[in-house]
1. How much length would be gained if the chain were fully extended between residue 136 and residue 106, taking 0.36 nm per residue of separation minus their Cα-Cα distance, in nm to one decimal?
2. Could you sort the peptides 57-63, 158-164, 89-95, 168-174 by per-residue average Cβ neighbour count (10 Å cutoff), highest mean leading?
3. Going by how many other Cβ atoms sit within 10 Å of their own, how do 134, 1 line up, fewest first?
4. Can you list residues from other chains, or at least 5 along the same chain, whose modelled amide H is less than 5 Å from the amide H of residue 76?
5. Using the alpha-carbon centroid of each, what span in Å lies between region 89-143 and region 6-77?
6. How large is ³J(HN,Hα), in whole Hz, for each residue of region 133-139 in order, when computed from phi with the Karplus curve 6.51 cos²θ - 1.76 cosθ + 1.60 and θ = phi - 60°, using x for Gly and Pro?
7. What distance in nm separates the simple spin-label points at residue 225 and residue 64, each placed 7 Å from Cα in the Cβ direction?
8. Give me the number: length gained by fully extending residue 216 to residue 181, i.e. 0.36 nm times residue separation minus the C-alpha to C-alpha distance, one decimal in nm.
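Only the coordinates and a few stated rules stand behind these numbers; no lab work does. What you see is a predicted model, and the numbers here were worked out from it, not measured in a lab. Every residue, glycine as well, gets a Cβ built from its backbone with ideal geometry; the counts of neighbours run over all protein chains shown.
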Amino acid sequence: MPVLGMGTSASPLEGSDETKTAILQAIEIGHRHFDTATLYLTEEPLGEAISEALSRGLIRSRDELFITSKLWCSDAHGDLVLPALKKSLRNLQLEYLDLYLIHWPVSSRSGTYEFPINKGDLLPMDFKSVWEAMQECQDLGLTKSIGVSNFSCKKLSDILAFAKIPPAVNQVEINPLWQQKKLREFCEAKGIVLTAYAPLGTRGTIWGSNRVMENEVLREIATAKGKSVAQVCSYSFLDIKHLYSYNYIWMDEHTCTRTQDHRTEFMDFKNRCASGGRLSKGSVWC
């Protein structure tokens, strides 16, 4: 799994043309890991971008890409998992996924695709039947690996208690202000890879804030290094000691143009950045 991935979620949702263009630009500069979901409404533009990338020779085969999608809560019922995955594959114009995740550890009334979910539609998830269906998807070759998203240590333990195929990945929010130390240690002990979404914070979402991008320590480091706060966050995440100690995958969103720009400069900054430990072992790290 490529360490740096591109997420295709946007709040509010972007049109298909904008998403497709952003994905093609990412492929052109070397991205090979893309994350989508039924809820995002970006499976179709991602599939179109992959098809165009193949026709233009930007990639030689689909196998060069790592594609992740997610099971939405209204499909998180034992009998709906396989049909949901097959629908995602049709949207993506693919024969298989590299990774299929349970989006949230909760189910909702079938047939509805909305966020936030109406409280009256929320249902407790039957983890056993849903995970057994996820395992069937992998057994059938429709996805190479299966995993979860937004799962706590407790909910992971519940699945691990009966799983024949353990979750390969847990995708959660991780950034310099929310380092998820307990969950990191749990996943490391269980051999579960953590994928970090919202590494720059959750600004622009209906639930988030701009705390990461406005953090004074991050800003001071960025100014001293002549880089952006986004680039400082990138380096803090991909620092070798974190990458190899904690099995992280870094998932960036496609919605910020300057984020596209800083990807191409990242390796140069990585070789020159040194924060003197100002962001370690506290609420932020580098």
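1. Result: 8.8 nm gained on full extension.
2. Most protected by this proxy first, the peptides run 168-174, 89-95, 158-164, 57-63.
3. With the fewest neighbours first, 134, 1 line up as 1, 134.
4. Distant-sequence amide H within range of residue 76: 108.
5. First find each Cα centre; the distance between them is then 18 Å.
6. 5, 4, 4, 4, 4, 5, 4
7. 2.9
8. Separation in residues times 0.36 nm, less the Cα-Cα distance, equals 10.4 nm.
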